[in-house]
Amino acid sequence: MNGNLKKKVLFIITQSELGGAQRFLSNLTSHLNKEIYEFLVAVGSSGNGDFLRILRAKGIPHQTIKSLKRDPEFNDIRAIFEVRNLIKSYRPDVLFLNSSKAGFIGSLASVFPRRINALKVVYRIGGWSFNDPWPKWKKWFWITLELLSAKWKDIIIVNNQRDLDQAKKLKIRPRVQTVLVHNGIETYKLDLLSKEEAKIKLLEKVTRYSGINITAKNIVGTIANFYPTKGLEYFIGATDYLSSIEDTIFLIIGDGELRPELEKMIRDKGLERKVFLLGQIPDAHRFLQVFVLPSVKEGFPWVLIEAMSAKLPVIATDVGAIPEIIDDHKNGLLIKPRDPAGLADKIKEVLENDRLKKELGLQAHQTVLFKFELDKMVKKIEELM
């Protein structure tokens, strides 16, 4: 530990938009014991800046790493030296790396041109990049990077059992250990609206977005960044099967690079009065009635446990940590990924059965309350630092 009495931690993350890794880091740094830890959050220059705005609002010390960007480019070499210089100037006891790109660049900077011996390197991954829907060559490229860089890290933290099993199978081994730590949220601090009040507010947003006076009895939605891993095309495909169901609308809350493709798909299927892309809405889980997560790849999705905390019936794909969270037909419904017809059947099952809808929501809330509380997550992470 440094000369002062506090342990210094340098957190590094690749992007400034708000995704799962950013949510984890925001929750963790907000709840670390300030009497024990001094820390700095260094953020890459990719993204829309939402994460930086949250850090500023919370008074969390942060700075930007200009050369660290999501997509591979020549700046990666610069990023290694920029991170190395930051480590040498900040002199942390712990280098805490978040996301694949930051994990490789940061761990390489800790050993090149020579290892910084007093530095403990912790790498937290919210879902292996090689599980993304990429070509085989790109998947093996990232597997190779993870294998190579594991020996530069002391601890790897995963947030679901499947990722832990994959690490063991592929022999991705850090210097000390690989540990499973589930995500957690503060259930008791959620500011929830009544179902009727939430529906009114959300319908107002839909009307403003579409320019059409929309009314609906049922609101089914998902919340996601518009990435290929989120399977949003399958959600839209499912709504096509349900287009004859009256008094029901389907919402995609979020934004991202796939917006033009999703808008075209909605137009081509003639779903403009059924499916709406609403953009970013803070605390969007407060407003929905049925929550769907159609992802083809996940780690441990924050948005799912938020929806469960809000007592929403949830329908989610059997990927990543989701089967560790959802017990099918007890606290939610599980479906196969890339199956719009199967998803449509589950949505219809929930919409037509009020008793099931209520029971799933209650059991979902209890699951998060007893298994996925934020204090448990923070305590485990502190023990590893």
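What to note about this one:
- C-alpha long axis of helix 161-170 to longest principal axis of the chain, angle in °: 50
- Rg/Rh (Cα only; Kirkwood hydrodynamic radius) as it applies to the range 110-218: 1.24
- On the principal axes of its alpha-carbon atoms, the chain has extents of 65, 43, 40 Å, going from largest to smallest.
- A protection proxy built from the mean count of other Cβ atoms within 10 Å ranks the segments 109-122, 7-20, most packed first, as 7-20, 109-122.
- A full extension of the chain between Glu382 and Lys88 corresponds to an added length of 103.5 nm, given 0.36 nm per residue minus the alpha carbon distance.
- Protection-proxy order for peptides 350-363, 38-51, each taking the mean of Cβ atoms within 10 Å per residue, highest first: 38-51, 350-363
- Dividing the helix sum by the residues of the chain, where each DSSP H run of 4 or more adds -39500 (n - 2.57), gives a mean residue ellipticity at 222 nm of -13000 deg cm²/dmol.
- Against the main long axis of the alpha-carbon atoms of the chain, helix 100-111 sits at an angle near 10°.
- Cα-centred dipole magnitude for the range 7-180, charges only on beta-carbon of K, R (+1) and D, E (-1), debye, nearest 20: 420
- In summary, the convex hull built on the alpha carbon positions of the range 227-385 has an orientation-averaged projected area of 9.7 nm².
- Mean shadow area of the range 55-111, taken as a quarter of the surface of its Cα convex hull (nm²): 4.4
- Restricting the range 221-327 to GluC sites (Glu not before Pro) in coil, as DSSP defines it, with at most 11 other Cβ within 10 Å: Glu246, Glu257
- Part-to-part distance (alpha-carbon centres) for the range 25-54 and the range 218-234, which is given in Å: 26
- The order of Trp134, Trp128, going from fewest to most other C-beta atoms within 10 Å of their C-beta, is Trp134, Trp128.
- About its Cα centre, the range 189-371 has a charge dipole of approximately 280 debye under the convention of +1 per Lys or Arg Cβ and -1 per Asp or Glu Cβ, with nothing else charged.
- Using alpha-carbon coordinates, inclination of helix 259-268 to the longest axis of the chain, degrees: 20
- Extending 7 Å from Cα along the Cβ direction at Asp76 and again at Glu197 yields two label points whose distance is 5.0 nm.
- Order of Met385, Met377 - criterion: other Cβ atoms within 10 Å of each residue's Cβ, fewest first: Met385, Met377
- Amide H to amide H distances under 5 Å link Thr64 with Val43, where only residues 5 or more positions off or on other chains count and H is placed in the peptide plane.
- Average Cα contact separation per residue, the chain, under 8 Å, 6 or more apart, as relative contact order %: 14
- Ellipsoid semi-axes in whole angstrom, largest first, where each is sqrt(5λ) of the Cα gyration tensor of the range 7-180: 23, 18, 17
- Gap separating the Cα centres of the range 115-193 and the range 63-101, nearest whole Å: 18
- Assigned charges on the beta-carbon of Lys, Arg, Asp, Glu; the chain dipole about Cα centre (debye): 1520
- Calculated from backbone phi, Karplus (6.51, -1.76, 1.60) coupling profile of the range 226-232 in Hz, x at Gly/Pro: 7, 10, x, 5, 7, x, 5
- Here's the picture: charge each Lys and Arg Cβ at +1 and each Asp and Glu Cβ at -1 in the chain, and of Ala316, Leu343, Leu271 the one pushed furthest to the positive end of that dipole is Ala316.
Values in this text are rule-based calculations from the coordinates and carry no lab data. Given the structure is predicted, the values throughout are model-derived calculations rather than measurements. Please note: Cβ atoms are built from the backbone with ideal geometry, for glycine as well, and neighbour counts cover all protein chains shown.
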